[in-house]
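Report on one structure; see the data block that follows.
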Amino acid sequence: MIKHAERLAGIDARLADVVRKAATFLDFDLLVVEGLRDEARQRELVARGASRTLKSKHLVGRAVDLAPILDGQLRWDWPLFPRINEAMRRAAADLGVRLVWGGDWRTFRDGPHWELA
Ligand SMILES: [Zn+2]
């Protein structure tokens, strides 16, 4: 199940479809943390070190941040993000969409982040 699915509004429809399909592969809930982002928010995130770029794909609706909810609890522990990524990859393959996972980045590993390639 997806929590705050309304946050998928404004992102690329293919990416939103991947998220919806991925959720069906998981045995825990997915929280949509953030989808589309405005420039003011992006500047704020860079200022506090939570993002490294002013050209984030969130600004153009080509990125989404997701987190797991287990037993009603929002979780940030790392081992859960590769499980979400597995579901995201499988859903993307089924739908013919190419995705990049922030968890694969070397310089600024971003486990909750997926974007269109
Ligand atoms: Zn992100």
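The values are calculated or read from the model by the stated rules, or taken from the named source; none is laboratory data. Being a predicted model, the structure only gives us computed values, none of them experimental. Here the Cβ is made from the backbone with ideal geometry for all residues, glycine too, and neighbour counts use every protein chain on show.
Of all positions in region 28-39, at least one carries a residue that is surrounded by 15 or more Cβ atoms within 10 Å (Cβ to Cβ), within 13 Å of the chain's Cα centre (by Cα), within 14 Å of the ligand (Cβ to nearest atom) and among the basic types (K, R).
Could you tell me whether D17 is within 15 Å of the chain's Cα centre (by Cα), modelled with pLDDT of 95 or more and away from the ligand (no atom under 14 Å from the Cβ)? Yes; evaluated as a whole, the condition is true for this residue.
What are the residues in region 40-76 that are of a type in the set (G, A, S), within 14 Å of the ligand (Cβ to nearest atom) and more than 20 Å from R109 (Cβ to Cβ), if any? The answer is G61, and nothing else. For region 91-103, the candidate set comprises residues that are under 15 Å from A63 (Cα atoms) and away from the ligand (no atom under 13 Å from the Cβ); within that set, the residue that is surrounded by the fewest Cβ atoms within 10 Å (Cβ to Cβ) is R98. All conditions in (1) loosely packed, with under 12 Cβ neighbours inside 10 Å; (2) of a type outside the set (K, R); (3) in contact with a helix residue (DSSP H, G or I) (Cβ under 7 Å, 6 or more places away or on another chain); (4) touching a residue at least 24 places away in the same chain (Cβ under 8 Å) hold for V64, with the sole exception of (1).
Does A22 fit the bill of being in contact (Cβ under 8 Å) with a residue 40 or more places away in the chain, within 16 Å of the ligand (Cβ to nearest atom) and not in a strand (DSSP E or B)?
On the way: in contact (Cβ under 8 Å) with a residue 40 or more places away in the chain: yes; within 16 Å of the ligand (Cβ to nearest atom): yes; not in a strand (DSSP E or B): yes.
Criteria met by A22.
All conditions but one from (1) surrounded by 12 or more Cβ atoms within 10 Å (Cβ to Cβ); (2) more than 14 Å from the ligand (Cβ to nearest atom); (3) farther than 20 Å from R20 by Cβ; (4) over 15 Å from the mean Cα position of the chain (by Cα) apply to P79; the one that does not is (1).
Considering only residues that are small (G, A, S) and either at pLDDT 95 or above or assigned to a strand (DSSP E or B) (or both), which ones fall in region 28-52? Let's see the steps before the verdict.
So the first thing to find is which residues in region 28-52 are small (G, A, S), and the list is 35, 40, 47, 49-51.
G35, A40, A47 - these are the residues of region 28-52 that are small (G, A, S) and either at pLDDT 95 or above or assigned to a strand (DSSP E or B) (or both).
Just checking, does region 38-56 include any residue being closer than 21 Å to E6 by Cα, touching a strand residue (DSSP E or B) at 6+ places or on another chain (Cβ under 8 Å) and free of Cβ contacts under 8 Å to residues at least 60 places away in the same chain? There is at least one residue in region 38-56 that is closer than 21 Å to E6 by Cα, touching a strand residue (DSSP E or B) at 6+ places or on another chain (Cβ under 8 Å) and free of Cβ contacts under 8 Å to residues at least 60 places away in the same chain.
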